[in-house]
Structures are given as structure tokens and as C-alpha cells.
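Novice: Sharing a structure with you now.
No lab work stands behind these numbers, since they all come straight from the coordinates. Computed from a predicted structure; not experimentally measured. Here the Cβ positions follow ideal geometry from the backbone for every residue, glycine too, while neighbour counts run over all protein chains shown.
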Amino acid sequence: MSSLTEIFDSAVRDCCSPSREHLMSLEKDLGFLAGEVQELKCKREAVSREVEVAKVRGLEPKRRVIEWMKSIQQLETETRSLNEEFSRLKRRGACSSLSANLSSSSEQLRRKAEIAVATAGKLKRNGKFRKLALPDETLVPDEAFEQLRRHASDGSVSFIGVHGMGLAGKTALLRSLYDDFLKRQTDYDVVIYLEVRGEVMDVQSSLCKQLSLPCPETQIERRDLLFGVLSKSNFALLLDDLWEPLNYELVGIPIPNPSTSKIIVASRLEDVCSRMGAQKTIEVEGLAEEQAWDLFQSTLWGKEPNNVDMIIIYRAKAMVYKCGGLAAALVTTAREMKDQKTSEEWKEKGHIMKNAPHELPGMEKEVLGPLKRSYDRLSGELQKCASCFALQAEGRPIRKDLLMELWIAEGIIADFENIGDAMSRASRLLQELTAASLIKRLDDETFEMHPMVRAMILWVANGCEERKNKWYVRVKEWAKETPDAGIWNVAERIALSGNVIETLPDNLDCPKLVYLDLGNNRRLEPIPDGFFGCIPCLRVLNLQHVDIETIPANIGHLVHLEYLSLCGTRIESLPSSIRDLVNLKHLILLSTNSLRDIAGGIMSGLEKLMWLHMMDSYSGWSTGEAREMGSSLGELEGLDDLRVLGITIATEAALQGLCGSRRLAMRTHWLQIEDCDGLTSFTIPCSFSLGKAMLNLIELRLHKLHELKEVVFSESDAALSNLKRLRLSDLRRAKLTWAGSCLQNLEELEIEECNGIGPALIELEDEGAMDGLQTITILPDLKRIKLENLRRLQSLSHGAGVFAFRRLETMEVADCPKLNKLSLVAPELKEIRCEVRWWRQLDWKDERTKCFDKLFKPL
């Protein structure tokens, strides 16, 4: 505004004596202003009508909208005043010669007129409202609506599919498009919104009614009548809530001409849209964060919050998060909170919302019940798959490999030959759950479940409250105590992972408990001796990352146990009673690196064992039969049902024995080689015939091989084609040498505490390999590389040449003080995770380094 004032002041100074032309120019300005004001008045009247409609619906207009309307009214009053003043000025000019007084008045009037014009322009710009009133539960996700409008306006698209979980806003989206079609007066002769219910005859009847047509008796007559009418019309047909593909031909709906007609279908099931031939599909995921908060607060307070305790605001936003953008959940919750005034009341309700939302009035009918429709349509197998999500932490992504293990533990994936086979089945199940909108795919490896879908599954699992606490789930809630004895007595599943529980009760009675997850309770004290004797039916027991050092001997009482995870515990030995777990199929001892003692005969007693994971664990395997002081590879070879093996080997003899056993080698999926006195060179994949023997190996670790001087990547026909991860750690003397193309499918490479590496990360065996080449491609599928504590490392490539990692996405660097240039080609690199200090000391004058300057992420 100050610059506008300076312009006017300058104009006044430059004006020596006004003329009639001057007045004529002023008259034109006022005429332009009148046109702008008239346009604003029309806009204000349209907005005013919509505001009145919103008020009738019980909504409150937004403060910004009201202020905008008032500003137009003020401008209108000011414009009338300017016109009256101009009329007086013209009369004075007609009656006398133009005086200095008249000149000054005209300039002041011109200045006022210019300011009014500027104000009108600002009001026009600010009059584009996304919404006029605080929202209601029929709000539609903005991005999805704009996408739908865009596809609906595309003259090359005739079929559009809309899919998403129940209550996500699909119906509101279609109704909004329907209203938009009518409001914009499009070229469609017929616009129909139809919620599909029943069979073909029912759909035909509804269409006839909406088209004001007679409804013939037979399906064929109805089909012919509808086809005859619609084929001569430009139509938009919006079909909502489809659970099965609708046969257009049987109904009598002609295939639309994309330039004149559209069919838009909405379903919770993605494959319904694709099977009906949708050319464009839109996934509806609920309201965005800002929209969700607007809806919640408008329902709760009727306006934007004023003088509300910040603790209450914080707890309100936690409830909004739990609702996950579902309008029905937001409105139902907000209505229940209207009478809650204190932060303590909000705390109590927040606890209910988190752990038992079905206890809030209206939640079962308005939210959980409608969501249950999707769950009820799943097969029993898929319901069990979805239920496994509900036993995990709310709102946390879950990796596909963890889900696969859970489903194996539950017997859902029961018969498989190797991990590839099991993973394929897991992928199929995940695809079906995703298509049913019960879970969401985040990327190829991770999935998540909506908080309200999880709440619905737990509600159903508890018999819709007929049998309370049948499933007791308190995951990652900082709980300090286990549930009381009454819950243990009735529960079938208890999930308490990720808490701060210190003690377990003794002398319980748990006759129905089949699932117990105590993982990641790092403060847990030793398990009471009598604990396992109270749980006779237990099938799944998770104790991963619990800092226990011993396992009670009476674990052998769990004769029905099928899954046991002791991953990351500090146990030093396995009690001999483990052999009594005659039904155990899945035993995880990953990262139990304190485990030194497994008595001979224990492993051979686990006759039904299918999955044994012992990487970074016990390594004292003998090559003969079971010994009195330790277990042998022969015991493992005698396990007829063993399909998947992860193992740690510490001697060359044991490694030869493992590779020489076709049965064990084919079942080895994870292999850690450590210690191995006398081993000075290791060639991948040829050493010990790894490449020929271990066709299913997916991860290889070389660890603490202190005599090893060289790791060679060698070209060979015996390629480890399934190897995805390679980790080299604590190799004090070894360097890396590239001798040819291998490990074509390797995705992750971790190198830690290998001080023999340097100055280059990988040396070339053939120095002439780079002749005439600027770059050489190695590890073509590598997506992630981690470099840690490599004190001599100076360059990622060799000499003047540069290594190319064509698919590399993530790099992690820590404690590599001499590495100051990023000499590599990595066109897909998205992030470099490192310390700030190292990032700053990089040579940013180097051209190759400079091209990565936007990729920093703190380690």
C-alpha cells in the first residue's frame, strides 16, 4: 500500500493545473471501479446463498468468508461516496473556472479511487474459497476430488474406478461429482447417481425409476428399454458401493462414448474396478490431516478453538490421528467429546479411544460395523492373516518378511519348500488384503493397517464384546505391569511387546492362552520357574529382545508350542527340556551371540522343526554325530521336515561339512562364517563350492575372520543368484578385490570395521580392466550400501576409473574420516545418511561429489 501512496503523491506533485481531460480520466477510473464492484457484488450474492444453505445444515461459515463479504459491503459504500463526491466536483467545475482548490480536490478523489480499485482487485483474488463453511462429515478428500474431476473431463476416458477402504469418502466423492455435474450444467442429457443394491433386476428397477420410465416385468424387457434410452443420450452414470463386477450388457447400459458419456464406479475392492474395465482408477484414503482437524474441531467446538487448554488440543489431535481421516469416526468421536471440559476427562476418554473405541457411543454403529462388512467378506484364511496385523503396534509399518513368519507361526503358510516359496504365498495373501482395502502397501516390502480397521478386528476378535479380553493387546504403550489374573484366565491371545514390563506373575491359570508376545520388554527380569507350567495350550511364544540369560527348565511343558523366538536374548545355553517341544516347527535364535552350549541330542529331538534361524548365534557345530558336549550337523541333517536354515559356522571343517551335505546346503538361507583359524582368502562364490551348493542362500556374513587377507568377487558359473545381502564385519586385514561379474542380484552391501580396506573400496584384479573406460558397472542390482569404521578408505572407486551402481538408492557412511570425495556413478541415489561433520568436510569442489549435494540425511 505504501508504494501506491508514493505513486499518488508523485502524481499530485507533477500535476500543475487540472483540466477537463483530467476530470474525464477520473470519470473513467470511477467507471472501472463500478464494474469491479458490480462483479464482486454478484460473487458475494452467490457466496451468500451457499452460506445460507450451510447454516440450514447446521454449519458455521468460516470467519474469513464473513470478513470477505463485509469488506465488499464496505467497498460498495465507499464507491457510492466517491461517485457522490465526483458529482459535486463536476458541478463546481461547470460553474466556475478551475481553481487551485478544485485541483486539489480532484487529485484527492483520484487517489481514493485508485486505492478503491486496488482493494477491489485484492478482494477478487481472495474470493476463491476452497470451502465456505466449517466442514461436515460429507467432506471429500480434496486431491481425490480434483483427480476425479480431471478424469471425468478427459475426452479419452469412458470408465473410471474409485476404490478404498470403507468410510474413506468414496460415496461423498461420487455425490460431490454428481452435484458438480448438475451445478456446472454439463452437456450430459442424463446424470444418475445409484447406490447398487441387490441383483441385476434391482439395478434395472432403480435406473427405470430415476429415468421416469415404466418398469417392465422381465429382465430382458427392462434391458432393451434402458439400452434404447441410454444409447440415444449423453449420460453420466455413477455406481456406488459395488462388491461384485456389474455386467453392463445384462443391465442394459451401453458402452459409453468417452467424448460424450461416462461410467464411474466405486468399490472397496480394487479388483472390482479393474474387472469392470476402468481405464483410470483413484484410491481414496480419507481426509488429509488439515481437513480431518477442521472437521473434528468444527463438530466439537463449532468453530476454530479459542482459549482451549493446549493439553486438550494435544489429546484432541491424538484422537484425530486414531480416526485416520475417516469422517464418520471423526464426527462420532467429536460428538462424544462435546461435554468433556477438563484435561483429565480428555485423558480418560483418550485411553478408551486408544484401547477400546467400541466403548464410545455410536462407534460400533457408525464406524466399526460398516468396516466389518469388508472383513466379513474375506475367507477364513484371509481373516487370520488380517488378524496378525492387529496384534502388532498401531500405526507402525510391518515388513513382509515378518508377516511371512507370523503366518507360518499361525499355520496359514504351512507347506513350503524354501523361503522363496513361502514369500510367494505371503505376497499373494498381501495382494488380496490390499485389494480388499484392509491394509495399505507402502512399498514392495512394507505394509500398514489403518488404526480403525485394527480396532475393528480386535473388536470382532473379542466377539464384538460378547467375550471381553479374549484378545488382550497393549503394544508399545510403556506398560509397566502385565494384566491381572482375571484376564490371563480368559484370554486366548496376549500381546505386550515393546513395553517396560519388569516382572511376570507366577502361579497363573491360563487354560485358553495360545499366543503370548512379550518381545522387546528389555527390563524383564528372569522368568519365574512356574510360569510356563500355567500355559498348557500355548502355540506361539515370542521372547525376542528380552534381556533374559536363562530359560526355565519347565519350558518343556509347552508340548503344543509350534513357534518360539528367542532372538536377541542373552541366553548362554538351551535347557535339555527344549527337546520335549515335540510340536515345535519354528525356532528363532538369531543374534543370540552369548549362546555357547547346546547339548547333544537336543536338536534331534525337535522332529517337526521346519524353520531354524541361528545366524550370529551358536557356532560350535561338530561334523560327526551328536557329542556329549555339543550339537552336530548330523542332528540337523536328520530333521526330515527342516525347510529353512540359518546357521553360524566357526571352522573350515564345519563349513566343508555343511557345503558337502546336499540336504543342509539346499536348506541354508542365512550363513555366517566367523573365526575359522587358518582361512586367509575367500572367493565369492567359489570357496567351499558355496555357489554350487547353497542355491537358496539369501544372506552371507563374513565376521571376525582375523587371518583373512582377501575377499575376491570372482566371475563364475556357480553364481549365488538368490543372494540379496552381503555383510563383511571385523575383517582386520582383508581387502576387497573385483575379479569379474558376480552377485548380479545383490541388493544390500554392509562393510564394517574392515581396516584392511583402502585406499580404494574395491581393488581391480586386472588393472587393464578400465582401459578405455570411464566407468565400470559392478553389483548392478545393489540398492543399499553401508560403510562404517573404515579408517583407511579414501575412494569408492579404483584409480582414475569410476564404479557405477545403477540402482543404488541409499548410502550410509559413518567413521570413514579419510573419505572426502564421492567418486561413483549412482543415478538413482536418493539419500546419503551420514554425520554432519563428515558431510561438511567433503570436497565440494569435486564435480562428482557436487552432484550429490542435495541428498544429505542425518545418520
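Novice: How much length, in nm to one decimal, is gained on full extension between Arg807 and Asp401, taken as 0.36 nm per residue of separation minus their Cα-Cα distance?
Specialist: Difference between extended and current length: 144.0 nm.
Novice: Given R₀ = 22 Å, FRET efficiency for Phe856-Asp730 by Cβ-Cβ distance, to 0.05?
Specialist: 0.20
Novice: Could you sort the peptides 167-180, 325-338 by per-residue average Cβ neighbour count (10 Å cutoff), highest mean leading?
Specialist: On the way: 167-180: 21.4, 325-338: 23.1.
Going by the mean number of other Cβ atoms within 10 Å, highest first, we get 325-338, 167-180.
Novice: What order do you get for 504-511, 597-604 when each peptide is scored by the mean count of other beta carbon atoms within 10 Å, highest first? Each step should come with its number before you reach the end.
Specialist: Working: 504-511: 14.9, 597-604: 19.5.
The densest-packed peptide leads the list: 597-604, 504-511.
Novice: Further question: Whole-Hz Karplus ³J(HN,Hα) for the stretch 596-604, in order, using 6.51 cos²θ - 1.76 cosθ + 1.60 and θ = phi - 60°, x for Gly and Pro?
Specialist: Karplus values, whole Hz, x for Gly and Pro: 10, 10, 10, 5, x, x, 5, 5, 5.
Novice: Another question, if that's okay. If amide hydrogens are placed 1.01 Å from N in the peptide plane, which non-local residues have theirs closer than 5 Å to the one on Leu764?
Specialist: When sequence neighbours closer than 5 places are left aside, the close amide H contacts are Trp738.
Novice: Oh, and also: Obtain the nm distance between the two label points defined at Glu707 and Asp846 by a simple spin-label model: each point lies 7 Å from its Cα along the Cα-to-C-beta direction.
Specialist: 3.7
Novice: What angle, in degrees between 0 and 90 and rounded to the nearest 10, separates the Cα long axis of helix 200-210 from the longest principal axis of the Cα atoms of the chain?
Specialist: Computed tilt is about 20 degrees.
Novice: Additional query: Of the listed pairs Lys783/Lys854; Lys322/Lys372; Lys709/Lys830, which have alpha-carbon separations greater than 22 Å here?
Specialist: Working: Lys783/Lys854 18 Å; Lys322/Lys372 17 Å; Lys709/Lys830 34 Å.
Long pairs (Cα-Cα over 22 Å): Lys709/Lys830.
Novice: Modelling each spin label as a point 7 Å along the Cα-to-Cβ direction, I'd like the Asp675/His560 distance in nm, to one decimal.
Specialist: Roughly 4.0 nm, to one decimal.
Novice: Also, quick follow-up: Lys/Arg Cβ at +1, Asp/Glu Cβ at -1, dipole of the stretch 142-283 taken about the Cα centre: which of Val200, Leu239, Leu167 is farthest positive-ward?
Specialist: Leu239
Novice: Count charges around Asp846 for me, please; just the other residues with Cβ under 15 Å from its Cβ, Lys/Arg as +1, Asp/Glu as -1.
Specialist: +3
Novice: Diagonalise the Cα gyration tensor of the stretch 723-848 and give the resulting equivalent ellipsoid semi-axes, square root of 5 times each eigenvalue, largest first, whole Å.
Specialist: On the way: eigenvalues 78, 58, 51 Å².
For the stretch 723-848, the semi-axes come out at 20, 17, 16 Å.
Novice: Using only Cα atoms, find the angle between the long axis of helix 63-95 and the longest principal axis of the chain, and express it within 0 to 90 degrees, rounded to the nearest 10.
Specialist: Long axis of 63-95 versus the principal axis of the chain: about 30 degrees.
Novice: Provide the percentage of antiparallel DSSP beta bridges, counting only those with both residues in the stretch 480-634; round to the nearest 5.
Specialist: Within the stretch 480-634, antiparallel bridges account for around 5 percent of the total.
Novice: Taking amide H atoms as placed 1.01 Å from N in the peptide plane, list the residues 5 or more away in sequence, or in a different chain, whose amide H sits under 5 Å from that of Thr281.
Specialist: Hits under the 5 Å cutoff: Gly161.
Novice: Near Pro361, within a Cβ-to-Cβ distance under 12 Å, what is the net charge of the other residues, with Lys and Arg +1 and Asp and Glu -1?
Specialist: On the way: positive: Arg335, Lys338, Lys349, Lys365; negative: Glu336, Asp339, Glu359, Glu364, Glu366.
Once positives and negatives cancel, what remains is -1.
Novice: Which of the lysines could be linked to Lys41 by a straight reach, that is with a Cα gap under 30 Å, when you skip same-chain ones fewer than 8 residues away?
Specialist: Lys28, Lys55, Lys62, Lys70, Lys90, Lys112, Lys122, Lys124, Lys128, Lys131, Lys183, Lys303
Novice: How far apart, in nm, are the 7 Å Cα→Cβ label points at Thr260 and Glu84?
Specialist: About 5.9 nm, to one decimal.
Novice: Just to be sure I understand: of the beta bridges DSSP finds with both ends in the stretch 665-730, what percent are antiparallel, rounded to 5?
Specialist: On the way: 0 of 14 bridges.
For the stretch 665-730, the DSSP antiparallel bridge percentage is about 0.
Novice: Quick check: the distance between the Cα centres of the stretch 759-835 and the stretch 155-179, to the nearest angstrom?
Specialist: 48
Novice: Okay, moving on. Over the chain, what lengths in whole Å, largest first, do the semi-axes of the equivalent ellipsoid take, defined as the square roots of 5 times the eigenvalues of the alpha-carbon gyration tensor?
Specialist: 65, 39, 29
Novice: Let me ask something additional. In degrees, nearest 10, range 0 to 90: what is the angle between the Cα axis of helix 380-390 and the longest Cα principal axis of the chain?
Specialist: 80
Novice: Give me, ordered by chain and number, the residues 5 or more places off Ile647 or on other chains with an amide H under 5 Å from its own placed amide H.
Specialist: So Ile647 has HN proximity to Met614, Met615, Trp670, Leu671, Gln672.
Novice: Let me ask something else. Between the stretch 192-216 and the stretch 574-639, what is the C-alpha centre distance in whole Å?
Specialist: 67
Novice: Taking θ = phi - 60°, what integer Hz values does the Karplus form 6.51 cos²θ - 1.76 cosθ + 1.60 yield along the stretch 399-414, in sequence order, with x for Gly and Pro?
Specialist: 6, 4, 5, 5, 4, 4, 5, 4, 6, 5, 4, 8, x, 6, 9, 10
Novice: If you count the DSSP beta bridges with both ends in the chain, what percent of them are antiparallel, to the nearest 5?
Specialist: So the antiparallel bridges amount to about 5 percent of the total.
Novice: Oh, and also: Ranked from highest to lowest mean number of other Cβ atoms within 10 Å per residue, what is the order of the peptides 647-655, 635-643?
Specialist: 647-655, 635-643
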